[in-house]
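Engineer: One structure follows; several queries about it will come next.
The values are calculated or read from the model by the stated rules, or taken from the named source; none is laboratory data. Since the structure is predicted, the reported quantities are computational estimates derived from the model, not experimental observations. Here the Cβ is made from the backbone with ideal geometry for all residues, glycine too, and neighbour counts use every protein chain on show. Protein only, heavy atoms only, side chains kept; ligands, DNA and RNA dropped before computing areas. Shrake-Rupley method; radii C 1.70, N 1.55, O 1.52, S 1.80 Å.
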Amino acid sequence: VPIVCLLSDFGTKDHYVGVMKACVLQHCPEAQLVDLTHRVLPHSVSEGSYYLEQSVSHFPTGTVFLAVVDPGVGSSRKAVAVKAGGYFFVAPDNGLVSEVVDELGGLEVGVELAVPSGSSYTFHGRDVFAPAAGRLAAGSEIGSLGAPMAKLVALAGNTKAFRGNQLTVTVLTIDHFGNVIFDFHTRNGWEALVPGKTLRVNDRRVMFGATYSRVLLGESLLLWNSSNLLELAVRNGSAAEVWGLEVGQRVTFKAAP
Amino acid sequence: VPIVCLLSDFGTKDHYVGVMKACVLQHCPEAQLVDLTHRVLPHSVSEGSYYLEQSVSHFPTGTVFLAVVDPGVGSSRKAVAVKAGGYFFVAPDNGLVSEVVDELGGLEVGVELAVPSGSSYTFHGRDVFAPAAGRLAAGSEIGSLGAPMAKLVALAGNTKAFRGNQLTVTVLTIDHFGNVIFDFHTRNGWEALVPGKTLRVNDRRVMFGATYSRVLLGESLLLWNSSNLLELAVRNGSAAEVWGLEVGQRVTFKAAP
Amino acid sequence: VPIVCLLSDFGTKDHYVGVMKACVLQHCPEAQLVDLTHRVLPHSVSEGSYYLEQSVSHFPTGTVFLAVVDPGVGSSRKAVAVKAGGYFFVAPDNGLVSEVVDELGGLEVGVELAVPSGSSYTFHGRDVFAPAAGRLAAGSEIGSLGAPMAKLVALAGNTKAFRGNQLTVTVLTIDHFGNVIFDFHTRNGWEALVPGKTLRVNDRRVMFGATYSRVLLGESLLLWNSSNLLELAVRNGSAAEVWGLEVGQRVTFKAAP
């Protein structure tokens, strides 16, 4: 069964997502359709990229990702279909899929999708991306979908700053529970992050621990989350509210002496 | 693969939509289920009708639309199943599907669904509509689902007013991005809507343009949207907030001299 | 077609639900995936239990319910797979499925799921529950998924209090329309609940009626809802707002003299 996984910033109120699915089903009525999320912050290419990085490797190979966060729709940005690590991606060429493609070992095949005549200026999800995803799901060769291209536009990225016993990182996303997730991975390495050790975060103390059940209700903890990213959580509460943090904000961690 | 597309005002918090799907699957476990939206404004038959009009023709013919926006549930309004333009609609007979059926060339076959004994007074989506949609998806003849009926109740509609160089129209819906969509279609024709021309909207100036990328971040534009409806947008912002507009509001456009 | 029905408190913004589905599809790519809801109040095991009780019997037997409301993730609470009434449940053993299993006649077979090495501390939905649900959907014997267990942890429950002509009950949930649903079932029996009779609710009068269409717009009514639970509604309005009620609140009904 061909799987098509959809991600967008279209939200779930409007008919846009349903219409994209209709256009996939025109080409591949038996597709297994999975929503990754349609609640990416409007126009936030970096949050969309984050969700893809966290998710792609859990899907069976062969899955087609139809990813549309497209603030430049109607401009000269390219529409592309690419293959990497056994997965397919159909997306605008604006950095949305470049990080995950890199992690999968880089672009194997890429094509620039033509914009069919009669397409709207504002809804390439329906007119350009969904039909291409449907054709890939139905077994079309990726090379048949457009002219070859060799390199994706890179994602404009965040930076991590170490200074002595301090680390400054960026809030990548805030999840449904209010957990605050930082752009800092176990592999980035910082010796201060040892279970049981206390750190100062924006000058308040919090322990680096392991599980929610080790702290009392309402207390904070720092942990490596299920994606191996640094996370600030409050047991049965919202860390974003308790700590007053937002997406994009810079936060400083100090190792306690 | 039979496709069943669902629309309702049930929201996504409660179990109602999942239970309707269960009742479809009792009759047709292999159905391809697609959510159009379940976030129609509660009891807004006209917004539900708008979403159907924007979406139906993108689906493969044969699709069964299970549409439930039903403020009159428990009253004497009829429950119906109708065929038009190769599509099927199962819905309350309150104007929800009459506009799209008209656009598809009118009702080909229609039946009034019986209410099974033991049905609840308040959840015909589960007890009446979903089983009928499941049976259609499984291949039942529409004529086997109830007694023939010939005419749908019409949708109570909005009116457009031209006066000299002024046009007054209604806000039909506001999408996830805050774009404001008016009940005015390209085919309604108004010579003032020419790319590059400036109009006054509620006494503020805005240019009728073509694409989001032609204006600066935070600036407004008027455009024909991907559904050929008049839309007021703000690049990377919410026009509904910037302009203070709500669904149902009347807005006046003046051609600038 | 094997059906997997998902319920969680993960919300619909994050990638968590999509990733759980990916892990189901790794074992059973042809599964029919149905979302019951992912908007259970965070950590509210009792609201999750309510949604399951309202829904399970409408699904075809054989359906696998993948239910994750898991405030104790990472603690010593067990992860289980159980069979009851022809349905399968994969869930944390914290009361989430014990009520519905009781209603289905009690546990037929139950196993404790092992936590695979390399599992995260915080996302057993992905690492423990989804793979088990996928294997059940693909036809694995439940006994092959873990060591036998015989008894589920019970759900901590609400109490109903009768006193003379008064009844005090708890707000179980508030639905998308603002209808207030109480923990009081037709089978609990109270002679004051007769159509046409007036009651005092928190000292305001309201009629026990049958359908929304019998009262004027904006007026309140009490009714047995489609799940045979006592419900307070406002025609085309939100009873929760009009009456100022919240989940968990205690409310007193008095039979009018």
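Engineer: List the GluC sites (Glu not before Pro) in the stretch B:210-257 that DSSP assigns to loop (not H, G, I, E or B) and whose Cβ has at most 10 other Cβ atoms within 10 Å. Which are they?
Structural biologist: On the way: sites: B:E219, B:E231, B:E241, B:E246; in loops: B:E219, B:E246.
The qualifying sites are B:E246.
Engineer: Right, next: For chain A, find the longest principal axis of its Cα atoms and tell me its angle to the long axis of helix A:45-55, 0 to 90°, nearest 10.
Structural biologist: Approximately 80 degrees, to the nearest ten.
Engineer: Run through the stretch C:100-167 and list the trypsin sites (Lys or Arg not before Pro) located in a DSSP loop whose Cβ has at most 11 other Cβ atoms within 10 Å. Each step should come with its number before you reach the end.
Structural biologist: On the way: sites: C:R126, C:R135, C:K151, C:K160, C:R163; in loops: C:K151, C:K160.
Filter output for the stretch C:100-167: C:K151.
Engineer: Collect residues whose amide H, placed 1.01 Å from N in the peptide plane, falls under 5 Å from the amide H of A:I3; neighbours closer than 5 in sequence don't count.
Structural biologist: A:Q32, A:V64
Engineer: Continuing with the same structure: Count, for each residue of C:50-63, the Cβ atoms from other chains sitting within 10 Å of its Cβ, then give me the mean as a whole number.
Structural biologist: Working: counts 1, 5, 1, 1, 5, 7, 3, 2, 11, 7, 6, 0, 1, 3.
Mean shielding count: 4.
Engineer: While we're on this one: What is the distance in Å between the Cα centroid of the stretch B:202-243 and that of the stretch A:200-257?
Structural biologist: 41
Engineer: Could you tally the net charge around A:T168, taking each other residue with its Cβ under 11 Å from the Cβ of A:T168, Lys/Arg +1 and Asp/Glu -1?
Structural biologist: On the way: positive: A:K160, A:R163, A:R250, A:K254; negative: A:D183.
Residues near A:T168 contribute +3 overall.
Engineer: Also, I was wondering about something else. Going through the cross-link list A:K13/B:K21; B:K78/B:K151; A:K13/C:K13; A:K13/B:K160; B:K21/C:K21, which pairs have a Cα-Cα distance over 21 Å in this structure? Walk me through the numbers on the way to the answer.
Structural biologist: On the way: A:K13/B:K21 19 Å; B:K78/B:K151 11 Å; A:K13/C:K13 13 Å; A:K13/B:K160 26 Å; B:K21/C:K21 17 Å.
Distance filter (> 21 Å) returns A:K13/B:K160.
Engineer: Also, I was wondering about something else. Using the charge dipole of the stretch B:4-134 (Lys, Arg: +1 at Cβ; Asp, Glu: -1 at Cβ; taken about the Cα centre), state which of B:F129, B:G105, B:S117 has its Cα farthest towards the positive end.
Structural biologist: Farthest along the dipole direction, towards plus: B:S117.
Engineer: Further, regarding this structure: Give the carbon-plus-sulfur fraction of the accessible surface of chain A in %, rounded to a whole number; probe 1.4 Å, heavy atoms of protein chains only.
Structural biologist: 49
Engineer: Around B:N228, with a cut-off of 14 angstrom between Cβ atoms, what is the net charge of the other residues, counting Lys and Arg +1 and Asp and Glu -1?
Structural biologist: Working: positive: A:R126, B:R187; negative: A:D127, B:E53, B:E103, B:D183, B:E231.
Charge balance in the 14 Å sphere: -3.
Engineer: By per-residue mean of other Cβ atoms within 10 Å, what is the highest-first order of C:50-62, B:74-86? Intermediate results must be reported in sequence, preceding the final value.
Structural biologist: On the way: C:50-62: 20.2, B:74-86: 18.5.
Those peptides, ordered most packed to least, come out C:50-62, B:74-86.
Engineer: Moving to a separate point now. Inside 10 Å of the C-beta atoms of A:17-27, what's the mean count of C-beta atoms belonging to other chains? Could the numbers behind the result be given before it?
Structural biologist: Values: counts 5, 12, 11, 1, 8, 11, 3, 1, 9, 3, 1.
Going residue by residue through A:17-27 and averaging, the value is 6.
Engineer: Now a separate question. Identify, among B:Y87, B:W224, B:H15, the residue whose Cα sits farthest towards the positive end of the charge dipole of chain B, taking +1 on the Cβ of Lys and Arg and -1 on the Cβ of Asp and Glu, with the dipole about the Cα centre.
Structural biologist: Looking along the dipole axis, the top candidate is B:W224.
Engineer: Could you give the dipole magnitude of the stretch A:10-61 about its Cα centre, charging the beta-carbon of Lys and Arg +1 and that of Asp and Glu -1, in debye to the nearest 20? Could the numbers behind the result be given before it?
Structural biologist: On the way: 3 positive and 5 negative charges, 25 e Å.
The dipole magnitude comes to about 120 debye.
Engineer: Okay, next question. Check B:S120: other-chain or 5+ apart residues with amide H under 5 Å from its amide H, H built from backbone geometry?
Structural biologist: When sequence neighbours closer than 5 places are left aside, there are no close amide H contacts.
Engineer: Given only helices, namely DSSP H runs of n ≥ 4 each adding -39500 (n - 2.57), what is the per-residue ellipticity at 222 nm of chain C, to the nearest 500 deg cm²/dmol?
Structural biologist: Working: 5 runs with 42 residues, N = 257.
The per-residue figure over chain C is -4500 deg cm²/dmol.
Engineer: Give, as a single signed number, the net charge of other residues whose beta carbon lies under 12 Å from the beta carbon of C:G218, with Lys and Arg counted +1 and Asp and Glu -1. Numbers along the way, then the final one.
Structural biologist: On the way: positive: C:R235; negative: C:E219, C:E241.
Residues close to C:G218 contribute a combined charge of -1.
Engineer: Interface size between chain C and chain B, please: total buried accessible area, 1.4 Å probe, rounded to the nearest 100 Å².
Structural biologist: Numbers: alone 12560 and 12580 Å², together 22440 Å².
Counting both chains, the buried surface is close to 2700 Å².
Engineer: Take the alpha carbon atoms of the stretch A:18-66, find their center, do the same for the stretch C:22-38, and report the distance between the two centers in whole angstrom.
Structural biologist: Distance between centres, Cα-based: 15 Å.
Engineer: For the stretch C:96-160, which GluC sites (Glu not before Pro) are both in a DSSP coil and crowded by at most 12 other Cβ atoms within 10 Å? Don't skip to the answer; put the middle values down first.
Structural biologist: Numbers: sites: C:E99, C:E103, C:E108, C:E112, C:E141; in loops: C:E108, C:E141.
The qualifying sites are C:E141.
Engineer: Whole number in Å², please: accessible area per residue of chain A, 1.4 Å probe, ligands, DNA and RNA not counted. Present the calculation step by step, with values, prior to reporting the outcome.
Structural biologist: On the way: 9870 Å² over 257 residues.
Roughly 38 Å² per residue, with all protein chains present.
Engineer: In debye, nearest 20, what is the charge dipole magnitude of chain B about its Cα centre with +1 on Lys and Arg Cβ and -1 on Asp and Glu Cβ, if you could check? Walk me through the intermediate numbers first.
Structural biologist: Values: 20 positive and 23 negative charges, 139 e Å.
Taking the Cα centre of chain B as origin, the dipole is about 660 debye.
Engineer: Heavy atoms of the protein only, probe of 1.4 Å, neighbouring chains included. What is the accessible area of C:T252 in Å², nearest 10?
Structural biologist: 40
Engineer: What size of dipole, in debye to the nearest 20, comes out for the protein assembly as shown about its Cα centre when the only charges are +1 on Lys and Arg C-beta atoms and -1 on Asp and Glu C-beta atoms? Numbers along the way, then the final one.
Structural biologist: Numbers: 60 positive and 69 negative charges, 286 e Å.
Dipole size: approximately 1380 debye.
Engineer: Ok, one more. With θ set to phi - 60°, apply the Karplus curve 6.51 cos²θ - 1.76 cosθ + 1.60 along the stretch C:65-70 and write out the HN-Hα couplings as whole Hz, x wherever there is a Gly or Pro.
Structural biologist: Result, ordered by residue: 9, 9, 10, 10, 10, 9 Hz.
Engineer: Can you list the HN-Hα couplings for the stretch A:30-43, worked out from phi with the Karplus curve (6.51, -1.76, 1.60; θ = phi - 60°), rounded to whole Hz and with x for Gly and Pro?
Structural biologist: 8, 4, 8, 9, 10, 7, 7, 6, 10, 10, 4, 3, x, 6
Engineer: Moving on to the next point. Through the Karplus equation 6.51 cos²θ - 1.76 cosθ + 1.60, θ set to phi - 60°, convert the phi angles of the stretch B:167-172 into ³J(HN,Hα) values in whole Hz; use x for Gly and Pro.
Structural biologist: 10, 10, 9, 10, 6, 7
Engineer: Against the longest alpha carbon principal axis of chain B, how many degrees, from 0 to 90 and to the nearest 10, is the axis of helix B:16-27 turned?
Structural biologist: Computed tilt is about 50 degrees.
Engineer: If you wrap a convex hull around the Cα atoms of the protein assembly as shown, how much volume per residue is inside, in Å³?
Structural biologist: Values: hull volume 137.6 nm³, N = 771.
Per-residue hull volume (Cα only) is 178 Å³.
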